[in-house]
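First comes the structure, then the notes that go with it.
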Amino acid sequence: MIAKQMQSVRLDGESTKNTRTQLRRYFHQSFDLFESLFDLLQSDEVFYLQSEPTRHPMIFYFGHTAIFYVNKLFASGALIERIDPHLESLFAVGVDEMTWDAKSDSLRWPSVDEVRQYRNRVRMYVDEMISALPMTLPIAKTDPFWAIWMGIEHERIHIETSSVLHRQMPLEFIRKDSRFPICPLRGDGLENEMVNFSGQEIRLGKGAQDHGLYGWDNEYGYALLTVDDFDASKYLVSNGEFMDFVMANGYGVSRWWDDEGLKYLSIRNASCPPFWIPQEDGSFRYRVLTDEIDMPYNWPVEVNALEAEAFCRWKSAQEGESYRLPTEAEWAVMLQSSDMNEEIFDDSRANINFAHYASSVPVDTYAHGELYDVVGNVWQWTQTQMAAYEGFETHPWYDDFSEPTFDGKHNMIKGGSWASTGNEIVKESRYAFRRHFIQHAGFRYVVGEGENEAKKCSRIEQMHEAWKKRYG
């Protein structure tokens, strides 16, 4: 089993000595965990393969997280000279499915050994900077130490997204590793039921001077929202529950899919969730990080937002209800009503932070109040499109982290997965992906008035216009 992951290091400690010690440990643990994932590739040749055509070869991601530290430290002024300008340009920007037809450029990649040597140099430089840079607590967003925190949290995002790419790589190119155990508990799907939540006014976001924990720029500011009464499914939708949709030819009936969903089906030729493996007899097996196993019907299904929405339309038609994905605010109400409403989620009570397995677990494992898996197991898609809070300010060292997602095409995911660490398991974190994006993500459904499409689009447009008016 990999080493238990640290929680995010605080920015407002009382001792610079202790903060440096914790930060150094946090940095090296992040570096080690990221590299251990790439130990799963069978050979150096696999580094030059693509898990799917819209992504770069794996060698890109291996170099990308290292050059990020250098680029951000250079932007902060803490680094005056670059380590390797060529590599720091080559590995700077990924495809990351920002468009449907994104293709990896035909680039000349360095050898794996060259990238490993570069990573070692970066590790040494950052370690030295943690020791040598003047430190004033709390760490401010303009402090070069913020660039180091930014690098660590960026690498922890790529720990998760790289594990997704590993699951998409053909199994013959992946080796098993006892450090990444798979949950042995597998059974039949569960009968889901609905739990009622009373409406309330809820405030999202955090203040500009919140120095407690590192945050991405989209977390700062606020939104004050009124949530109506709603019902939510007790469990995340399991593979067994989703199987009913697949067996009803859900992927073959166009009325369950919107235009974007139909485009996804056409491009990907999808007939089932991405980690399901069709068998000749019509059954399915299931792909985990390093293996192929019998279908775990009681684990959460992992789908993109388009698939989750199609399931909700189908279920609505079967039962005469209006099932849909929750909003960001409704998820916050569920969290507030649970026993997980804490600044950093407790990995002893949820399947997060690699604390238990390198896989999902049954959906009835972790109760959080009346619901299960309010946090952890898999990310939960919401219907909320990413938008800036009132008071949002782009961080100048990473101006393309949040702004590209304010386009009405990126949906929020909440709660984290078994592979989520660092800022990803902090209460106020906000992440969004395009709706066709493959992630360790599933969903729960809700029933309630919520936001109809016209009201939702109007709100998003107003937030976009307010942001553009203020920041240009």
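The values are calculated or read from the model by the stated rules, or taken from the named source; none is laboratory data. Computed from a predicted structure; not experimentally measured. So basically every Cβ, Gly included, is an ideal-geometry build from the backbone, and we count neighbours across all protein chains shown. These accessible areas exclude ligands, DNA and RNA; they are computed on the full protein's heavy atoms, side chains included. Shrake-Rupley method; radii C 1.70, N 1.55, O 1.52, S 1.80 Å.
Regarding the stretch 129-141, can at least one residue be identified that is over 24 Å from the mean Cα position of the chain (by Cα), part of a helix (DSSP H, G or I) and β-branched (Val, Ile, Thr)? Steps first, please.
As a first pass, look at the stretch 129-141 and keep what is over 24 Å from the mean Cα position of the chain (by Cα): 129-140.
Filter once more, so that each one left must be part of a helix (DSSP H, G or I): 129-132.
Then keep just the ones that are β-branched (Val, Ile, Thr); that gives 130.
Checked against the condition, which is being over 24 Å from the mean Cα position of the chain (by Cα), part of a helix (DSSP H, G or I) and β-branched (Val, Ile, Thr), the stretch 129-141 yields at least one hit.
How about the stretch 13-65: which of its residues are out of contact with any helix residue (DSSP H, G or I) (no Cβ under 9 Å at 6 or more places or on another chain), under 22 Å from Arg156 (Cβ atoms) and not in a helix (DSSP H, G or I)?
Asp39
Against the conditions (1) open to solvent by 10 Å² or more (accessible area, probe 1.4 Å); (2) touching a helix residue (DSSP H, G or I) at 6+ places or on another chain (Cβ under 6 Å); (3) more than 30 Å from Trp418 (Cα to Cα); (4) modelled with pLDDT of 95 or more, where does Pro85 fall short? Just the number, please.
All conditions pass for Pro85, except number (2).
Which residue is most open to solvent (accessible area, probe 1.4 Å), if the candidates are limited to the stretch 180-225 and must be closer than 25 Å to Ala358 by Cα and either of a type in the set (Gly, Ala, Ser) or without any contact (Cβ under 8 Å) to a residue 40 or more places away in the chain (or both)?
The extreme case among them is Pro184.
Got a number for residues in the stretch 94-150 being among the acidic types (Asp, Glu), open to solvent by less than 30 Å² (accessible area, probe 1.4 Å) and at pLDDT below 95?
So in the stretch 94-150, the residues among the acidic types (Asp, Glu) come out as 96-97, 101, 105, 113-114, 127-128, 143.
Restricting the remaining residues to those that are open to solvent by less than 30 Å² (accessible area, probe 1.4 Å) gives 97, 143.
Retained after the next criterion (residues that are at pLDDT below 95): 97.
Here the count works out to 1.
Which one of these does Asp399 not meet: (1) more than 27 Å from Gly261 (Cα to Cα); (2) touching a residue at least 12 places away in the same chain (Cβ under 8 Å); (3) not aromatic (Phe, Trp, Tyr)?
So Asp399 meets the others, but not (2).
Can you find a residue that is within 24 Å of Cys183 (Cβ to Cβ) and surrounded by 15 or more Cβ atoms within 10 Å (Cβ to Cβ) anywhere in the stretch 311-318? I'd like the intermediate steps shown before the answer.
Within the stretch 311-318, the first condition is being within 24 Å of Cys183 (Cβ to Cβ), and the residues that meet it are 311.
Then keep just the ones that are surrounded by 15 or more Cβ atoms within 10 Å (Cβ to Cβ); that gives 311.
Scanning the stretch 311-318 turns up at least one residue that is within 24 Å of Cys183 (Cβ to Cβ) and surrounded by 15 or more Cβ atoms within 10 Å (Cβ to Cβ).
Taking Asp407 and the conditions (1) buried (at least 16 other Cβ atoms within 10 Å of the Cβ); (2) farther than 30 Å from Arg179 by Cα; (3) without any contact (Cβ under 8 Å) to a residue 24 or more places away in the chain; (4) of a type in the set (D, E, K, R), which numbered condition does it fall short on, given that it satisfies the others?
(1)
Are any residues in the stretch 175-201 among the aliphatic types (A, V, I, L, M) and modelled with pLDDT of 95 or more, and if so, which ones? Show your work before the answer.
Going residue by residue through the stretch 175-201, those that are among the aliphatic types (A, V, I, L, M) are 182, 185, 190, 194-195.
Ile182, Leu185, Met194, Val195 - these are the residues of the stretch 175-201 that are among the aliphatic types (A, V, I, L, M) and modelled with pLDDT of 95 or more.
Name the single residue, out of those in the stretch 49-75 being within 26 Å of the chain's Cα centre (by Cα) and over 20 Å from Ser162 (Cβ atoms), that is surrounded by the fewest Cβ atoms within 10 Å (Cβ to Cβ).
Restricting attention to the stretch 49-75, the residues satisfying the condition of being within 26 Å of the chain's Cα centre (by Cα) are 49-73, 75.
Then drop every residue that is not over 20 Å from Ser162 (Cβ atoms), which leaves 73, 75.
Details: Leu73: 26, Ala75: 17.
Of everything passing the filter in the stretch 49-75, Ala75 is surrounded by the fewest Cβ atoms within 10 Å (Cβ to Cβ).
Restricting the stretch 340-377 to residues that are aliphatic (A, V, I, L, M) and within 22 Å of Leu204 (Cα to Cα), which is surrounded by the fewest Cβ atoms within 10 Å (Cβ to Cβ)?
Narrowing the stretch 340-377 to residues aliphatic (A, V, I, L, M): 340, 344, 350, 352, 355, 358, 361, 363, 367, 371, 374-375.
Adding the requirement that they be within 22 Å of Leu204 (Cα to Cα) leaves 340, 344, 371, 374-375.
Details: Met340: 23, Ile344: 16, Leu371: 22, Val374: 28, Val375: 30.
Checking each candidate, the answer is Ile344.
Considering each residue of the stretch 15-34, count those that are surrounded by 12 or more Cβ atoms within 10 Å (Cβ to Cβ), charged (D, E, K, R) and more than 18 Å from Trp418 (Cα to Cα), and give that number.
Within the stretch 15-34, residues that are surrounded by 12 or more Cβ atoms within 10 Å (Cβ to Cβ), charged (D, E, K, R) and more than 18 Å from Trp418 (Cα to Cα) number 3.
Which of (1) surrounded by 14 or more Cβ atoms within 10 Å (Cβ to Cβ); (2) more than 19 Å from Tyr398 (Cα to Cα) does His154 not meet, given it meets every other one?
If we test His154 against (1) surrounded by 14 or more Cβ atoms within 10 Å (Cβ to Cβ); (2) more than 19 Å from Tyr398 (Cα to Cα), just (2) comes out false.
Answer yes if at least one residue in the stretch 276-297 is touching a His at 6+ places or on another chain (Cβ under 9 Å), surrounded by 14 or more Cβ atoms within 10 Å (Cβ to Cβ) and either farther than 26 Å from Leu41 by Cα or modelled with pLDDT of 95 or more (or both), and no otherwise. Spell out how you get there, then give the answer.
First, the residues of the stretch 276-297 that are touching a His at 6+ places or on another chain (Cβ under 9 Å): 289-290.
Now narrow it down to the ones that are surrounded by 14 or more Cβ atoms within 10 Å (Cβ to Cβ): 289-290.
Narrowing the set further to residues that are either farther than 26 Å from Leu41 by Cα or modelled with pLDDT of 95 or more (or both) leaves 289-290.
There is at least one residue in the stretch 276-297 that is touching a His at 6+ places or on another chain (Cβ under 9 Å), surrounded by 14 or more Cβ atoms within 10 Å (Cβ to Cβ) and either farther than 26 Å from Leu41 by Cα or modelled with pLDDT of 95 or more (or both).
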